[in-house]
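Some notes on the structure that comes next.
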Amino acid sequence: MSYGIDTASRALRWTQPGPEVVQAGAGMAVGLLHVEPLTSVPLGVDLAIGTEKWRGEKTYAAIMNGAGPGTVRVAGPQVGDKGDQLLDVISRTPRATMPPGMRAMSCSYDRGQALVCTHGFAVVAVDTARGTLLWVLKDGDGDRKPQAVTAVWHGRVRTCRPSPKPRRFSPTPSPGWC
C-alpha cells in the first residue's frame, strides 16, 4: 500500500493499493506493482490525487531505481528491446539505454548526474542523461578492489571494508578524497 500525504498539513490525500513506490517527484509517484509471483508492472501514479496515469508491461524479475528528477531505471529481461532503460516518469518513454551487462546491478542515484551501480565484482557509474559509462572499478584493477557501497553523493562514493571501520574513496581522482 502506498500513501499520498500532504507534508504541510499532514493529511492523508490518497491511498493506492499495491505499488511499491521507488521515486516521487515531478508530479508523479513511480514504482513497481507486483501482479504475479516474480512479475511486476512499472506504474505511474499522479502525486496530487493518486490516480493511475500509466502502466507499463509485465516484467519478470523487474528492478526499478530512482535515477534523478523525472527519471527511473527499469531493468529486467523483458523491458522493451533493450532490457535496461532510463525512463521519463511523466511520458513513460525511454530517455536512454543503460550500458550492456548491468541488468543484475543495483543502482543508487548520487543526486548529481550519476547512477552508481554495484555487483560483487564491480562498481560502475552511469550518466543518467545519456546512459553512458562515466567510470568503472572492476575487481583486480590496479591494487583496488570494489567494496560495499554505503552511500553516494554528488560524485562521491562512500564504501566500507569488511572490517568495522568505514573508509571513503572516489574511483576517479578528486581533491580531498583518497
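The values are calculated or read from the model by the stated rules, or taken from the named source; none is laboratory data. Remember, predicted model here, so these are calculated numbers, not experimental data. For accessibility, only protein heavy atoms count, side chains too; no ligands or nucleic acids. Shrake-Rupley method; radii C 1.70, N 1.55, O 1.52, S 1.80 Å.
Structure data summary
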{"quantity": "Taking region 25-81 and dividing mean pair separation by its residue count, relative contact order in percent (alpha carbons under 8 Å, at least six apart)", "calculated": "28 percent"}
{"quantity": "From phi via Karplus (6.51, -1.76, 1.60), per-residue ³J(HN,Hα) for region 120-136 in Hz, x at Gly/Pro", "calculated": "x, 10, 7, 10, 9, 10, 10, 5, 6, 7, 10, x, 9, 5, 9, 7, 9"}
{"quantity": "Trp153 - accessible surface, heavy atoms, 1.4 Å probe, Å² rounded to 10", "calculated": "150 Å²"}
{"quantity": "Where N is the number of residues in region 1-159, Cα Rg divided by 2.2 N^0.38 Å", "calculated": "1.09"}
{"quantity": "Within the accessible area of region 1-95 (1.4 Å probe), percent carbon and sulfur", "calculated": "53 percent"}
